[in-house]
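First comes the structure, then the notes that go with it.
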Amino acid sequence: MKNCYINGIGSVSIQATGFSIFDAEITTVQNVNKAQQPSYKELIAPAMSRRMAKGVKMSIYAANKALFEAKMVDPQAIIVGTGLGCIEDSEKFLDAIIENEEQFLTPTAFIQSTHNTVAAQIALLLQCKAYNFTYVNGANSFENALFDAFMQLKHLDKENILIGGVDEIAPYTFSMFEMVGKVKRVGDNINFKKPETNGIPLAEGANFFALSVKKTANTYAEVVDLLVFNDFKDDETSTIKAFLEKNNLSVNTIDVIVLGVNADAVQQPFYHKIQVLFTETPQAYYQHISGSYDTASAFGLKVAAEIIRSQSYPEKLKYNEAQPEKIENILLVNQNNLTDFSFVLLSKC
Amino acid sequence: MEALKKELKERIINVLNLEDITVDDIQDTDALFGDGLGLDSIDALELIVLLDKEYGIKLADPKQGKEIFQSIETMAQYIAQNRTKL
Amino acid sequence: MQNRVAITGMGIISSIGNTVEENFNALISKKAGISDIELITTRHTNEIKVGEIKLTNEQLQQLLNLPVNNTFTRTSMLGAYAAKQAVNNAQITAINEVRTGLISSTSVGGMDFTEKHYKQYDQYPEYQKYILSHNAGDSSNKIADYLGLKGFVSTISTACSSAANAIMLGASMIENGYLDRVIVGGTDSLSKFTINGFKTLMILSDTYNTPFDQHRKGLNLGEAAAYLVLESGEVVKRQNKHVLAYVCGYGNANDAYHQTASSENGEGACLAMKKAFEKAGIQPGEINYINAHGTATPNNDLSEGRALLRIFNSVPKFSSTKAFTGHTLAAAAAIEAVYSVLALQNNMVFPNLNFKTPMEEFHLIPETEPVKTEINYVLSNSFGFGGNCSTLIFAKS
């Protein structure tokens, strides 16, 4: 069976354009965190960009970086995961419906609001007629995309696939999230290690990956296996152990576990259970760098891929005190409010 | 008529989000679609809404737009003759 | 043929019926479900026709036995209703006994509730429980919970081709050994959001839609949900399951032409059909019935017609069932998958209602009456905004 390698990564995040986890400085996460927009002019013609949603532009930028880095020109599939799609345009269109009482509406916001617009516009820009898919399954939307690519590279006659995760912040959606306590409010204490307040520090971003069956000089890591599910059939411990055993690994042979902790006191107990199982294992976190959103776990994959390739473990990722001796196997664990679970297993090449 | 044309150019730039284009860049007889300003079928739908919203002109069939939206000149003429909103 | 992915159950709710049988009876008796809109208040009431399911949200809640404090949107309720039927039809009693997944699709998600309460959430705290039901994935999680399913749950949104992709992914996961059983399909409720969205594109007809007719004026939106139960050859053998039909081919391609319109020569559609034939290992000449996408927009029917002429030397019997149901967006390919299976089971081609005049661009005449004929393979097309083109091929059991 063929393997699935990460050969290129591109990202737009709340950190400065070109940010690296090995940089000294990071922008501290606030209650709401907008992505730093790079310059799109070199990449997207004004005639095209004038109608593009922020999520589309961020994705095109990140996708382009990932493809360029992997020297991939003709992906045989474009697969995108997004929690809410280009929600800013959904809001715009809905606002217009309400304010103008269903009159004088224009198509642009509606078109940009459809979930598949990101994958579609990447295909249009690349003139890529290949397989094109969009997953919208909340917090494991990105892992759905990763799984699809993984299965196709392993089993089908495909060599190169572009995948990504993207989400936007939009003002009214944010205020609705505030009403139900899903997000942090201004002034809320944001503590990832010992969360005291409910809600997540909402952010946005796009993270894209060029995946291939071929290992290159630029390969970051191999995606060895992943599991995407809505709920545990068994308890957490035995599910994780079984997943590792299936891959000839155990709790002790995981060098770093990357946790999707999101500073939400309500969601912390789940991660605590995982921590207890991996007490001796170096535990890493990343949402204090990316902020939290449905597809933030794609940023987590980027971080994991970068540390496995560089074999270095920046201080700022440390969730506990443990220091890895080597970084060969990484397990990523993510969920949202006890659903949309995902485990992703990465190995050094 | 000149005032209408200028107003029309401003509105088109605004509605279609033509960032790098100014009123002076658009000549009255320039083709709006294809080789000229490079507008496309989605822009045509936007222009239909513009006619409705600003000038009270309703087009039922997008095909009607083809004649009307040839240039600023043709558009201004059509508006001047058919507007119900001043 | 034991490795083929078997369809062992199906469920549906649409404007032509709340069960598979009701849908079948409507199809063969030429009874369309297109009407004036009743359950949504919209300025466009007199300018549109819709394929509306005439059950209120309260009635759906009762049918599903949902607790008062539930947070199901209409999309989730339609989905749960159809998915449960499918599971029952497949005679599944212990849903998690084998590795079972749910792959659903939707384009509106919880928009039908969001648009109702949107600006009032701060004044009416009692509605706030629906805020987190907006995201598309929530509908699938709700359906999974309703079925008691724990495992792989996914949601696909590729506009009007969504459910075809759900079926495709499910079949592929069984073939490659990731699942033993999967419930696949889609659900979409009517919403002001989509009505107005399609209105801005000027592709809504103000009267009954007329697929493949020269004088077609656009589509009617509809709402529906449908699901198939797919099972592996091994499960079928072990449990001695009754097989309704097989999923034998599928293809997905992108037109990469325009954000909403299909290319004039139907390039994406051709690619999707070609891939489906490769996968199925059959020739176009073996198809006995095509359930066309046939939305009745000027653009789709022309593009799809050209694609059919490029793929088939002689286009087999075909029809679009959208004149019955309207265009049900993310559910369209799922309800049409149910119709494709019914075509195979009953050796029946369903009529393309409202067709009178052939299109001037080519000589393609859909079947306008129910036709009894031997059917071994059905091809079903679904195309969406963003160039998303998908084709499924179903084979007789």
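The values are calculated or read from the model by the stated rules, or taken from the named source; none is laboratory data. This is a predicted model, so every value here is computed, not measured. Glycine gets a Cβ as well: all are built from the backbone with ideal geometry, and neighbour counts include every protein chain shown.
Here are some notes:
- Among the residues of the stretch C:154-166, not a single one is hydroxyl-bearing (Ser, Thr, Tyr), surrounded by 22 or more Cβ atoms within 10 Å (Cβ to Cβ), more than 13 Å from chain A (Cβ to nearest Cβ) and touching a residue at least 24 places away in the same chain (Cβ under 8 Å).
- Meets criteria (crowded, with 18+ Cβ neighbours inside 10 Å and closer than 30 Å to A:Glu101 by Cβ) for C:Met77: yes
- C:Asn96 among the polar types (S, T, N, Q), within 13 Å of chain A (Cβ to nearest Cβ), crowded, with 20+ Cβ neighbours inside 10 Å and farther than 23 Å from C:Thr325 by Cα: no
- Residue match in the stretch C:115-123 (condition: in contact (Cβ under 8 Å) with a residue 24 or more places away in the chain, within 7 Å of chain A (Cβ to nearest Cβ) and surrounded by fewer than 24 Cβ atoms within 10 Å (Cβ to Cβ)): yes
- Tally, over the stretch A:91-103, of residues that are small (Gly, Ala, Ser) and at the interface with chain C (Cβ under 8 Å from one of its Cβ atoms): 0
- Selection count where residues are among the hydrophobic types (A, V, I, L, M, F, W, C) and within 19 Å of C:Asn57 (Cα to Cα), scope the stretch C:115-169: 4
- All conditions but one from (1) more than 16 Å from the chain's Cα centre (by Cα); (2) in a helix (DSSP H, G or I); (3) under 13 Å from A:Phe343 (Cα atoms) apply to A:Gly300; the one that does not is (1).
- Only one of the numbered conditions (1) touching a helix residue (DSSP H, G or I) at 6+ places or on another chain (Cβ under 7 Å); (2) more than 14 Å from chain A (Cβ to nearest Cβ) is violated by B:Glu54, and that is (2).
- Filtered residues of the stretch B:18-46 (kept if in contact with a strand residue (DSSP E or B) (Cβ under 6 Å, 6 or more places away or on another chain) and either assigned to a loop (DSSP other than H, G, I, E, B) or exposed (fewer than 14 other Cβ atoms within 10 Å of the Cβ) (or both)): B:Leu32
- Residue in the stretch B:57-80 that is nearest to the other protein chains (Cβ to nearest Cβ), counting only those that are among the small types (Gly, Ala, Ser) and surrounded by fewer than 18 Cβ atoms within 10 Å (Cβ to Cβ): B:Ala60
- Residue satisfying condition, being in contact with an Asp or Glu (Cβ under 6 Å, 6 or more places away or on another chain) and of a type in the set (A, V, I, L, M, F, W, C), within set A:Ala24, A:Ala16, A:Ala35, A:Ala119: A:Ala35
- Of all positions in the stretch B:1-21, at least one carries a residue that is within 14 Å of chain A (Cβ to nearest Cβ), of a type in the set (Asp, Glu), closer than 30 Å to C:Tyr257 by Cα and free of Cβ contacts under 8 Å to residues at least 60 places away in the same chain.
- If you go through the stretch A:35-66 and keep only what is without any contact (Cβ under 8 Å) to a residue 24 or more places away in the chain and basic (Lys, Arg), you end up with A:Lys41, A:Arg50, A:Lys57.
- Restricting attention to the stretch A:60-91, the residues being closer than 18 Å to A:Ser141 by Cβ, in contact with an Asp or Glu (Cβ under 7 Å, 6 or more places away or on another chain) and polar (S, T, N, Q) number 1.
- Looking across the stretch A:104-151, just one residue is closer than 23 Å to C:Asn176 by Cβ, touching a residue at least 40 places away in the same chain (Cβ under 8 Å), at the interface with chain C (Cβ under 8 Å from one of its Cβ atoms) and surrounded by fewer than 24 Cβ atoms within 10 Å (Cβ to Cβ), and that is A:Ala130.
- One residue from A:Glu168, A:Glu159 being of a type in the set (D, E, K, R), under 19 Å from the mean Cα position of the chain (by Cα) and at pLDDT 95 or above: A:Glu168
- Contact map, the stretch C:175-201: first residue at the interface with chain A (Cβ under 8 Å from one of its Cβ atoms) and within 30 Å of A:Phe110 (Cβ to Cβ), second residue of a type in the set (Asp, Glu) and in a helix (DSSP H, G or I), Cβ cut-off under 7 Å, separation 6 or more or different chains; pairs are C:Lys192/C:Glu115; C:Phe193/C:Glu115.
- Hits in the stretch C:262-294 - residues which are part of a loop (DSSP other than H, G, I, E, B), touching a Leu at 6+ places or on another chain (Cβ under 9 Å) and within 22 Å of A:Gln121 (Cβ to Cβ): C:Ser262, C:Glu264, C:Gly266
- Output for the stretch C:213-260, where each listed residue is under 29 Å from C:His363 (Cα atoms), under 19 Å from the mean Cα position of the chain (by Cα) and among the hydrophobic types (A, V, I, L, M, F, W, C): C:Leu219, C:Leu221, C:Ala253
- Only one of A:Asp294, A:Asp340, A:Asp264 that is touching a residue at least 24 places away in the same chain (Cβ under 8 Å), at positive phi and crowded, with 20+ Cβ neighbours inside 10 Å: A:Asp340
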